[in-house]
Amino acid sequence: ILPVRVNITSILADDAWEFWANTIHCMLSAAVEKGIVSSTDEDRFGFDRVIPGRTDPDPKKALDLPFVVEYRNRSGLTAATVPPNFLVEDAIRRLCDRFVAEHLNGLLLILDEAHKLLQSDGVKEQLRHTFQEVERCGIVFAGESDLNTMFSDESEPFYAQALTIPLQNFTDPREVAQCALLPLEEDERALMSPMTM
């Protein structure tokens, strides 16, 4: 499964075009790093990244996304304007089809700071619609506790459509120490001071 993390900012939450452009760009970036799509697809957004050890892009892996063309050509649209559903759905479907063709089981979109989407009705509806229509896609919403209203309020598009897992900060010093030490090699653990933990 290809994990794709998108950090939601207020700017993305307030403009559906920017939200989807950023989300699709994150998907393309993750796919480029895995060699699933050509880096020229990512460059169409205006970001030119050099990936170490990468040779010239394989034209067979090029991916044409009409969403990208519409995003770059849009002018005079207000932040309230939402991109057409078919453009968003088409882009996600094409990406997921490519992932499956490259022997991946699918895509997991991880939306961090997702509580910022609470007032973004257009984005929430498009997320629900797109991820219901496109197979082999999943979403993880991570955010502050008020995010729960997205799944518990009957007027919300995702009402009763999620497994909610409430998490809290670690309070037990032994758990904090474990989180600090477990990722380290055995010889590195001796260098971790209690003050750092």
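The values are calculated or read from the model by the stated rules, or taken from the named source; none is laboratory data. This structure is a prediction, so every number in the text was calculated from the model and none was measured. Cβ sites come from the backbone with ideal geometry, for glycine too, and all protein chains shown count toward neighbours. Areas reflect the complete protein model, heavy atoms only, side chains present, ligands, DNA and RNA absent. Shrake-Rupley method; radii C 1.70, N 1.55, O 1.52, S 1.80 Å.
Distance between the 7 Å Cα→Cβ label points at Ala162 and Cys26: 1.4 nm. Solvent exposure of segment 73-197, expressed per residue, is 66 Å² of accessible area, with all protein chains present and a 1.4 angstrom probe. A Förster distance of 41 Å, applied to the separation of the beta-carbon atoms of Asp172 and Gln119, puts the FRET efficiency at 0.70. The stretch between Asp153 and Asp90 holds 19.8 nm of extra length on full extension. This uses 0.36 nm per residue minus the Cα-Cα distance. The Ala142 and Asp64 beta-carbon pair, evaluated with R₀ = 25 Å, returns a calculated FRET efficiency of approximately 0.20. For the pair Asn105 and Asp187, a Förster radius of 41 Å applied to the C-beta separation gives a FRET efficiency near 0.65, rounded to the nearest 0.05.
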